[in-house]
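Only one structure is covered here, and it is reproduced in the block below.
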Amino acid sequence: MSSLALPDGWIEKSFSAVVKRLQSEGGKLTTNDYQETGGLSVVDQGQTLVVAYCDDSKRAFQGPYPVIVFGDHTRNVKLIDFKFAVGADGVVLIRPKDDSGRRGFRPGIFSTFEQSFVAMRCKYLGVDTGVRGLGAIARR
């Protein structure tokens, strides 16, 4: 996968072996649904942690928390541990496949995720990035 020197107690695995993609049962809000105030925070792929609010509790992400919010266009990464609604397109929700990996699962690791996701997206679009064998690093 990579030639990184890992700290003691850390192992390297393929990205898909340690994370899963989640879907929000509340769907994704459009920017027309955004409000300046409300009972539920809206998190999208932008740089701002909370971009807007809404009052429809049915739009809340059902969990589990915490969850990583990744912007597939902006490549912004956010670790969210509060109730929120998913805003607009381009938001990818991921988390560890099991709780054993959560101790070492941090957004700082996600340069690998960014590269992997961009490579997958480009492959889907028929563009060869030359990126191969990327994985995720997790603490045992």
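Quick look at the numbers
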{"read-out": "Among Val19, Gln35, Val50 - extreme Cα towards positive end, dipole of region 11-68, charges at beta-carbon", "value": "Val19"}
{"read-out": "Integer Hz, Karplus 6.51/-1.76/1.60 couplings in order for region 37-51, x for Gly and Pro", "value": "9, x, x, 10, 5, 10, 10, 10, 8, x, 6, 6, 4, 10, 8"}
{"read-out": "For region 8-21, Karplus couplings with θ = phi - 60° (6.51, -1.76, 1.60), whole Hz, Gly/Pro x", "value": "4, x, 9, 10, 10, 9, 5, 4, 5, 7, 10, 10, 10, 8"}
{"read-out": "Amide H within-cut-off set for Gly87, under 5 Å, with H built and near neighbours excluded", "value": "Leu29, Val43, Asp44"}
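Laboratory data are not the source of any read-out in this text; all were calculated from the coordinates shown. No experiment lies behind these values; they were computed from the predicted model shown. Ideal geometry is used to build each Cβ from the backbone, glycine not excepted, and the neighbour counts take in all protein chains shown.
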